[in-house]
Amino acid sequence: MHRLKMHSVNKVDENIKKIAELFPNTLTEVIKGYRDDRTPIIEHAIDFDVLRQELSDIIVEGPEERYQFTWPDKKKSILLANAPIAKTLRPCREESVDFDKTENLYIEGDNLDALKLLQETYLGKVKMIYIDPPYNTGKDFIYEDDFAQDTDEYLTNSGQFDEDGNRLVQNTESNGRFHTDWLNMMYPRLKLAKDLLSDDGIIFISIDDNEIDNLKKICNEIFGEGNFVETFIIRSNPRGNQAKKYTASEHEYVICYAKNILNIEPLGFHKEKHEYNKKDEIGIYRELGLRKRGAGSRRQDAPNQYFPIYYNPITKQIDIEKKSDDFIEILPKLSDGSDGRWRWSKSSVYEKRNELLVRLVNRQGSKEYDVFQKDYYSKDKIAKIKSIFYEKEVNYENGTEELKSLYNNNKFFDFPKPPEMIIKLMSSLNTKDGLILDFFSGSATTAHAVMQLNAEDGGNRKFIMVQLPEPCDENSEAYKAGYKTIAEIGKERIRRAGKKILEEHPEAAGKLDIGFRVLKVDSSNMQDVYYRPDEYTQDLLTSLTDNIKPDRTPEDLLFQVMLDLGVLLSSKIEEMVIGGKKVFSVADGYLMACFDNDVTDEVVREIAKKQPYYAVFRDCGMANDSVATNFEQIFATYSPSTIRKVL
């Protein structure tokens with residue numbers, strides 16, 4: 001049996017493996033340190049001099065000038081993203097809704113830790129990420145990460161709070177590291193988030209003027225400049241922000257990047273069938289004028305698209321050449337009589353002339369012929385999303401009113417995002433499935449939007465919300481109403497929104513998932529000896545009766561095992577009793593685990609007979625040496641392909 005590592009992925013090790021696969025000659029070995037007996041600790045590393053030579057015929061190093069985007073502690077923020085942590089997610093049934101059936105997750109804790117813990121299980125599985133991070137206005141609070149720790153310290157650290165228990169700091173404009181601290185917060189989180197996106201995944205990030213330039217630069221670096229999709233402008237405050245000194249700004253932004261832009265479809269919405277009001281032998285269609293209208297419609301804007309189209313009124317034939325005297329000439333004239341242009345080139349008109357029609361229209365008191373395109377309807381017909389959101393539903397005041405309506409007219413948040421804005425972004429992906437992640441969850445608007453859209457279009461989207469249990473100000477309405485943290489408000493918002501949506505959509509009852517599993521970031525379930533056995537003497541080891549912390553439950557252990565083995569945290573979990581011992585069956589027997597002590601041959605045999613993909617036991621859980629000896633033989637007999645692991 002193999003021992004589970006029980007900590008998050010070491011991204012450095014993963015990156016070394018990837019580079020070594022591409023360039024085996026760059027792999028080398030280095031001495032990282034020495035054991036107590038002065039034996040060197042040898043680890044793999046990448047020889048960057050060799051790697052540079054592989055990647056360029058001109059080595060870029062030293063004082064040579066080059067384009068780059070950097071800031072203080074950038075390298076440390078990269079190390080922070082890559083460093084593994086010995087933490088886990090502990091289930092909290094009492095705060096969950098429909099724990100055993102829901103496929104939605106609410107993770108309470110530091111989002112950097114949460115993103116690391118999700119790396120192995122949700123790698124490449126997230127369809128869409130939406131986040132509304134702190135805007136860095138000089139008043140917003142940001143996460144203060146600890147760059148002073150080395151990897152070993154970070155691995156064993158059970159919390160990142162200062163001596164007073166503070167985890168967030170106010171990044172005032174007078175701070176000399178005003179942009180630096182914000183960038184150091186965002187960079188490692190976005191770096192980890194990218195890996196969670198599917199190959200056709202997309203990320204949307206709300207932001208204002210203070211950091212939009214820096215945000216685009218770090219996104220260009222992390223996602224690739226070629227994967228930039230759009231900067232959406234949201235008319236968030238039609239009254240204008242009167243607090244600004246020189247202007248009354250009405251808008252904010254949502255920037256959008258793809259994991260791989262070659263794998264995504266155009267963002268937009270299915271066109272409404274009722275717009276297609278004409279019909280022929282091919283199908284239903286609508287008429288679109290072939291003359292270019294609006295900006296860029298003059299002849300000089302595209303001279304090659306100014307040419308005559310010829311039409312025979314008798315045979316209805318359309319061509320780009322005059323075949324006979326029966327053909328009349330049609331030119332793309334503008335309403336003022338000047339020369340315009342067609343939307344199509346000459347070759348396109350010829351190739352797609354069967355999609356065109358000509359008819360008489362009234363223009364300036366007289367009838368003349370004009371050319372139209374037959375735009376046929378299909379289920380895949382997409383109207384591309386526009387880059388400016390004018391609709392009143394995306395006004396942030398609507399977000400405030402929506403939230404107040406759920407909390408008896410109490411105002412707990414300033415300017416929460418309206419669900420309709422996130423619904424519009426989700427709808428533009430043109431899929432009714434997929435996993436939606438928000439790791440700056442706040443008031444849980446994204447969860448609300450997912451449930452609302454599923455109710456409206458019959459979709460099956462699932463969400464993962466992540467929120468730090470940030471304390472509410474003791475003078476705030478939320479605190480006075482009994483909510484001690486932002487996370488408590490978010491969880492209650494999902495509960496109330498789910499009930500309201502079902503009341504408004506009774507037809508969705510029994511199909512709509514309005515539940516969520518609450519999981520809380522915590523220190524590892526394992527004692528320190530589990531990770532660093534070489535630091536413990538034999539005398540101390542004999543005094544430790546178990547390598548699992550005494551306050552941890554079997555279900556706590558199960559979720560850490562699921563994280564370690566890459567089993568979805570939303571998987572169905574069943575409990576059964578075999579030989580008097582509690583056994584967990586996850587994902588219909590894909591994983592089976594027993595964490596009880598005194599496990600007998602009977603228990604091992606019955607689990608093996610069910611032929612799980614993974615079987616997990618406690619290292620000290622076997623009843624006696626005989627069971628431990630028989631263990632491998634039992635599995636070899638009944639389920640040789642099962643992967644056996646121990647804690």
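Do me a favour and compute the ellipsoid semi-axes for the chain from its Cα gyration tensor, root of five times each eigenvalue, largest one first, whole Å.
Working: eigenvalues 601, 177, 169 Å².
Largest first, the chain gives 55, 30, 29 Å.
Rounded to the nearest 0.05, what FRET efficiency do Asp336 and Ile233 have when you use their Cβ-Cβ distance and R0 = 22 Å? Walk me through the intermediate numbers first.
Working: r = 32 Å, r/R0 = 1.44.
The calculated FRET efficiency here is 0.10.
Relative contact order (percent) for the chain, with alpha-carbon contacts under 8 angstrom and 6 or more residues of separation?
18 percent
Just from its helices, what would the mean residue ellipticity at 222 nm be for the chain, if runs of 4 or more DSSP H residues each count -39500 (n - 2.57) and the sum is divided by every residue, rounded to the nearest 500 deg cm²/dmol? Show your work: numbers first, answer last.
On the way: 18 runs with 181 residues, N = 647.
Calculated mean residue ellipticity at 222 nm is -8000 deg cm²/dmol.
Where Lys and Arg each count +1 and Asp and Glu each count -1, what net charge lies around Asp195 among other residues with Cβ under 11 Å from its Cβ?
On the way: positive: Lys11, Lys116, Lys125, Lys191, Lys194, Lys259; negative: Glu14, Glu120.
Computed value for this residue: +4.
State to the nearest 20 debye the size of the charge dipole of the chain about its Cα centre, where the only charges are +1 on K and R beta carbons and -1 on D and E beta carbons. Show your work: numbers first, answer last.
Details: 91 positive and 111 negative charges, 662 e Å.
In total the dipole reaches around 3180 debye.
Report the extension gain between His274 and Lys480 in nm, rounded to one decimal, defined as 0.36 nm multiplied by the number of residues separating them, less their alpha carbon distance. Walk me through the intermediate numbers first.
Working: separation 206, 0.36 × 206 = 74.16 nm, distance 5.09 nm.
Full extension of this stretch gives 69.1 nm more.
Quick one: in the range 362-432, what % of C-alpha pairs are over 14 Å apart?
On the way: 1815 of 2485 pairs.
Across the range 362-432, Cα pairs with separations above 14 Å total 73 percent.
If R0 is 56 Å, what FRET efficiency do you get for Glu287 and Glu94 from their C-beta distance, rounded to 0.05? Before the final figure, lay out the partial values.
Numbers: r = 61 Å, r/R0 = 1.09.
So, using R0 = 56 Å, E works out to roughly 0.40.
Between Asp325 and Asp551, what length in nm is gained on full extension when 0.36 nm per residue of separation is reduced by their alpha carbon distance? Provide the component values of the computation, followed by the final result.
Numbers: separation 226, 0.36 × 226 = 81.36 nm, distance 9.51 nm.
Full extension from Asp325 to Asp551 adds 71.9 nm.
Pulled fully out, how much extra length does the chain show between Ala243 and Lys32, if you take 0.36 nm times their separation in residues and subtract their Cα-Cα distance? Mind dumping the intermediate values first?
Values: separation 211, 0.36 × 211 = 75.96 nm, distance 5.42 nm.
Between Ala243 and Lys32, full extension yields 70.5 nm more.
What is the Cα centroid distance between the range 232-294 and the range 408-445, reported in whole angstrom?
Computed from Cα coordinates, the inter-centre distance equals 19 Å.
What number, in percent, do you get for the relative contact order of the range 171-297 if the mean sequence gap of Cα pairs under 8 Å and at least 6 apart is divided by its residue count?
On the way: 133 pairs, mean separation 30.5, N = 127.
It comes to 24 percent, rounded to a whole number.
Calculate the spin-label point distance for Lys499 paired with Asp47, positioning each point 7 Å from the Cα along the beta-carbon direction, and give it in nanometres.
In this crude label model, Asp47 to Lys499 measures out at 6.7 nm.
Need one number: % antiparallel among DSSP beta bridges in the chain, to the nearest 5. Could the numbers behind the result be given before it?
Details: 66 of 98 bridges.
About 65 percent, rounded to the nearest 5.
If you average 1/r over all unlike Cα pairs in the range 545-646 and invert the result, what Kirkwood radius do you get in angstrom? List each step's numbers first, then the result.
Values: mean 1/r = 0.0733 Å⁻¹.
Across the range 545-646, the inverse of the average 1/r is 13.6 Å.
Note down the nm distance, to one decimal, between modelled labels 7 Å out along Cα→Cβ at Asn410 and at Lys316.
For Asn410 paired with Lys316, the spin-label model returns 6.8 nm.
Could you tell me the relative contact order of the range 273-376? Use alpha-carbon pairs under 8 Å, at least six residues apart, and round to a whole percent. Intermediate values should be presented prior to the final figure.
Working: 167 pairs, mean separation 32.3, N = 104.
Reported as a whole number, the value is 31 percent.
Give the share of C-alpha pairs in each 5 angstrom bin for the range 412-481, from 0 to the last occupied bin, in whole percents, shortest bins first.
Spelled out per bin, shortest first, that is 3, 16, 24, 21, 14, 10, 7, 4, 1.
Here, each number is a calculation from the coordinates, and none is a lab measurement. This structure is a prediction, so every number in the text was calculated from the model and none was measured. Counting neighbours? That spans all protein chains shown, and the Cβs are built from the backbone with ideal geometry, glycine included.
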